[in-house]
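Worksheet for the structure shown next.
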Amino acid sequence: MNLHSNTTRRSTAMMLCLGLMMGLSGCHKRPHVSPLPQILTPVALETPPSPKTPPMVEAPDVEMPPTPIASAAARPRRRRPTPPVKAPLASEPIQVASTEPAPEVAAIGALTAGGDTNPRMQQDAMDLIASIEKRLNALPAQKVEEQKTQISKVKNFLRQAQEALSSGDAEGAKTLATKAKLLLDDLVK
């Protein structure tokens, strides 16, 4: 029984292969196409009539502005950064010119930069600047390369905050450091 099924399988496989070969080989006959008859009488070629051309309209004389030159726009001019205005030291009182009588000025009190009055604000600004610098240093190099402009802005705000803190403006330093922190938060997202 095993011998009979093996021969049956072989013969079936052989018939299938022969059928596939004949089907894939296709027909060897070419279709016969009869040639077209030759034209014996000459045919006259006609020329198409020429279209009427509309009259030319002359352009009015208009003064145009000069053509812009590309070389002038190739490099934008960079403005030089203006040096930041340094706030007066906290120990020096700010003088205010007043046309009002002296008793009202005495009621308001002397105006100062406020650096000495709030050491906690200075400490908060220093802590915030330190935490942002630590976060910046912890960023992966790939992220730093991808977000160069954003990181540059963060560093710029940090530098300005440090300058404000060293000049005695703790409130301004804290505001600038907060801006740097918000930019850094957006960058990390």
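The values are calculated or read from the model by the stated rules, or taken from the named source; none is laboratory data. All figures in this text were calculated on a predicted structure; none of them were measured in a lab. Ideal geometry is used to build each Cβ from the backbone, glycine not excepted, and the neighbour counts take in all protein chains shown.
Identify all residues within the range 133-172 that are part of a helix (DSSP H, G or I) and of a type in the set (Gly, Ala, Ser); write none if there are none. Explain how you work it out, then say what you get.
So the first thing to find is which residues in the range 133-172 are part of a helix (DSSP H, G or I), and the list is 133-137, 141-146, 148-166, 170-172.
Residues satisfying the conditions are 141, 152, 161, 164, 166, 170, 172.
Do you know which of the residues in the range 53-71 that are under 41 Å from the mean Cα position of the chain (by Cα) and either surrounded by 10 or more Cβ atoms within 10 Å (Cβ to Cβ) or not aliphatic (A, V, I, L, M) (or both) is modelled with the lowest pLDDT?
The selected residue is 71.
What is the one condition in (1) surrounded by fewer than 16 Cβ atoms within 10 Å (Cβ to Cβ); (2) modelled with pLDDT under 90 that residue 168 does not satisfy?
The failed condition is (1).
Consider residue 12 against the criteria (1) at pLDDT 75 or above; (2) surrounded by fewer than 10 Cβ atoms within 10 Å (Cβ to Cβ); (3) not acidic (Asp, Glu): it satisfies all of them except one. Which criterion is unmet?
Only one criterion is unmet by residue 12, namely (2).
Look through 85, 105 and report the one residue that is in a helix (DSSP H, G or I), out of contact with any helix residue (DSSP H, G or I) (no Cβ under 6 Å at 6 or more places or on another chain) and at pLDDT below 90.
Being in a helix (DSSP H, G or I), out of contact with any helix residue (DSSP H, G or I) (no Cβ under 6 Å at 6 or more places or on another chain) and at pLDDT below 90 holds for just one of 85, 105, which is 105.
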